[in-house]
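Peer 1: Take a look at this one; I'll ask things after.
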Amino acid sequence: MANILDYLEWRGDLTMEQAPFNHIDALILSRLSYIPFDGIVLGRHFPPKSISKAAAVFFALKDAAHEVYMPQDADLLLSLANNRRFQDMKLSGYENKLDYESQMQFSAITIDIGDSTHFISYRGTDDTLVGWKENFNMSFMTPVPAQKEAVRYLEEAAETAPGNIRAGGHSKGGNLAVYAASFCREDIQERIISVYNNDGPGFDSAVITSKGYLNVSNRIKTFIPQSSIVGMLLEHEEEYIIIYSTQVGLLQHDLYTWKVKRDDFIYLDTVTNDSKYIDKTLKDWLSALDLEQREQFIEAIFGIFIATNAHTLTELTTNWHKNALLVLKSLTNMDVSVKHAVSQVLHLLTKSAAQNLHMLKPNTLSLPNN
């Protein structure tokens, strides 16, 4: 079955005037923020650069294809640079920030679509441990630093980007897009056409009951694959749309496995039993923990990882034999009270999973005919 790369091959010769902006276009532009445009696309006070020109500079770099987060990202950029629909879109305002002290990973880019709208694309969690820890911090902290940056970025982009605005992202990037749209100034909210959350986590009740969130909730479009885990985390007030993925479990978070037909996704009516089971288990588990317990657990787990001196998941897993010894040593030396707290949290997770086992029935999900 086809994915977004096939869509670009089929529909890439059609301009926005010939075929209006659609959900697949939004997913593609959401993914574009994952490309490391450092030194290629500059701040918003510098002249913008077309996708085709930015791609030419990027691929001229030594080992450019190895700089991307996923191999398909290089294929995506190359395809965008060579089709009429996307190649002349203008890129500006690229930012890429990593702050270990504040535990923040943030990156975004502004895209002039050419149909009198600008798309604000927020990058999701990358390979850094800081980025992943910030993701987990969302379970006890609102806002996290990247969410504050997302609001600031949208408001600054709106000052120099005339016309209407679309915002979106994949994974944490989708969460940032929704948060920014919810807490930016009201005059900017009025310019927002739609916000795309592609399998990104939700929010706590304080956010989804806020005036700002309610102002834009009818413009939020949330997409998740049928066995979503990441996108089902925390709460979603808005309805979500289920996309068919050819992968299983957590691997469905990979948007290159999301299936398309012509100029739209292939949709399903419901998520799988596995997704419902994991969703309920995690929500029951989190509801049983107070904010202090959540924070203590996450600090302990990532403290163990940081003890290995790894800065990325790749570094952590590449040297796993060496790092496993450091992890074991760190566990042994862990403060007794912290060790007890971690044990309690894991016990509650196990208990919640056991209580929800009755939900896990043979999956009767049927594939779409179209």
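Peer 1: For the ranges 61-67, 147-153, 257-263, what's the packing order if you count other beta-carbon atoms within 10 Å of each residue, average per peptide, and put the highest first? Numbers along the way, then the final one.
Peer 2: Values: 61-67: 11.1, 147-153: 22.0, 257-263: 18.4.
Top of the packing list down: 147-153, 257-263, 61-67.
Peer 1: Only bridges with both residues in the range 4-271 count here: give the DSSP antiparallel percent, nearest 5.
Peer 2: 50 percent
Peer 1: Right, next: FRET efficiency for residue 6 and residue 215, Cβ-Cβ distance as r, R0 = 41 Å, nearest 0.05?
Peer 2: Details: r = 37 Å, r/R0 = 0.90.
Efficiency computed from Cβ-Cβ geometry: 0.65.
Peer 1: Expressed in nm to one decimal, what extension gain is obtained for the pair residue 247 and residue 295 from 0.36 nm per residue of sequence separation less their Cα-Cα distance?
Peer 2: Values: separation 48, 0.36 × 48 = 17.28 nm, distance 3.20 nm.
My answer for the length gained is 14.1 nm.
Peer 1: Using 1/(1 + (r/R0)^6) with R0 = 22 angstrom and r between the beta carbons of residue 193 and residue 38, what's the FRET efficiency to the nearest 0.05?
Peer 2: On the way: r = 29 Å, r/R0 = 1.33.
Efficiency, rounded to the nearest 0.05: 0.15.
Peer 1: In 10 Å bins starting at 0, how do the alpha-carbon pair distances of the range 4-271 split up by percent?
Peer 2: 7, 33, 39, 20, 2
Peer 1: Round to the nearest 0.05 the FRET efficiency obtained for residue 75 and residue 205 when R0 = 45 Å and r is the Cβ-Cβ distance. Kindly include the intermediate steps, with their values, before the conclusion.
Peer 2: Working: r = 40 Å, r/R0 = 0.90.
Rounded to the nearest 0.05, the efficiency is 0.65.
Peer 1: Additional query: What is the spin-label model distance, in nm, from residue 318 to residue 263 if the labels are put 7 Å beyond Cα along the C-beta direction?
Peer 2: For residue 318 paired with residue 263, the spin-label model returns 4.3 nm.
Peer 1: Same structure, new question: How large is the Rg to Rh ratio of the range 12-142 when both quantities use alpha carbon positions and Rh follows Kirkwood?
Peer 2: On the way: Rg = 15.4 Å, Rh = 15.6 Å.
Dividing the radius of gyration by the Kirkwood radius yields 0.99.
Bear in mind these aren't lab numbers, they're just calculated from the coordinates by the rules spelled out. Quick caveat, the model's predicted, so the values are computed rather than measured. Neighbour counts are summed over all protein chains in view; Cβ atoms, including those assigned to glycine, are modelled from backbone coordinates with ideal geometry.
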